[in-house]
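Enquirer: Quick one: the structure is below, and I'll ask about it shortly.
Every number here is computed from the coordinates shown, using simple stated rules; none is lab data. Since this is a predicted model, take the numbers as computed values, not measurements. Here Cβ is always computed from backbone atoms with ideal geometry, including for glycine, and neighbour counts include all displayed protein chains.
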Amino acid sequence: MNIQTPRQLIAAIPHLVGFHPDNSLVLVAFDDDEISSFVRLDFPAQSDDFVFPEILQRVIGTLDNPHLVAITYVDTQRFQSVTAEVTTIIDNFSNFCQDNSWPVLDLLLVTDTTWRSLMCTDESCCPVIGHEIADTTPTTEVEFVVSGSSPFASRETLAARLAHRELEEGKNEFDRTFNEVRQEVEQNLAQLETSKIASLVDEIFLELSRTNHCDYRHIARCAVGIENIRVRDGLLRQIFDNPEVRSCVRANLFEIVSLVPSQYIAASATVLAGCAWLDGNGALARIAIDTALEADSTYSLARLLDTALSHGIPPRVWSESLAAVSYEDCLAGAA
């Protein structure tokens, strides 16, 4: 996807992050004209307290040649005097970048209804009152919508979507189907034949790649299968090798994580986190990992990803770790 203008970047951010940011700073790093990573930080109660944390330095410090765009999202109901609040935040950011010799491509201010550049002083180009966001729909946003991307209204809404929910209708049928499928899958996995593992991984990957939601039987097969480490790692490698279907995979994993019994949540939520992080979506990865660890605080891969996210390890390290192990080795349990 080609992002050439500030408006296109603003349109892309909710789809990249997974929700519409507000009262926060989104820092986007470009490397060789491509988005290499992005970080979102919530504003504290007082803008004077907005000190850039060490995590930013670690994230950006891993890039070879970072060029940064900072997008400040402000809620006009909170920021009655936008100029004073934003100036403090932008000054902190500018000083932070200057101290680390990081070039800043642009500083953007986005409110509920407008956007403008804080670096451009040409009133004809970037008027102080800003541009109306609703005036244009960039091709960037159209491409995301066509691909099936639909960002949530807020981080809280996204997190709530992953929370366990009881079916209003069909719960007895779901429970019966789940138990039947669990016995079937566990019997096949007990034979420990690589061919059976590969067949199950292919089936799960195919179901997760479809735009329609999985039915009860497929939800059960996916959840029970992913619980097996060899299936899980084979699936992660398939997701790594096929970036074009990741949006469908994420949508179906949302459904699975929110419906399955608690003992199956950690594995599926961790795969969702791994899928999200491959695309640089640290916000969704963070929420999915929190969901996994809440279900099982000892789940090792979730703890590993939790440590990586907490220390600002860039997504490319996760990609490199998956690329380093062949699909056949994943199926054999060597990942």
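Enquirer: Identify the trypsin sites (Lys or Arg not before Pro) of region 214-283 meeting these criteria: DSSP loop state and at most 10 other C-beta atoms within 10 Å of the C-beta.
Expert: Loop-located and lightly packed - none at all.
Enquirer: Loop only by DSSP, 14 or fewer other Cβ within 10 Å of the Cβ. Give me the GluC sites (Glu not before Pro) in region 183-270 that pass, ordered by residue number.
Expert: GLU193
Enquirer: When the expected Rg is taken as 2.2 N^0.38 Å, what fraction or multiple of it is the alpha-carbon Rg of region 166-272?
Expert: 1.00
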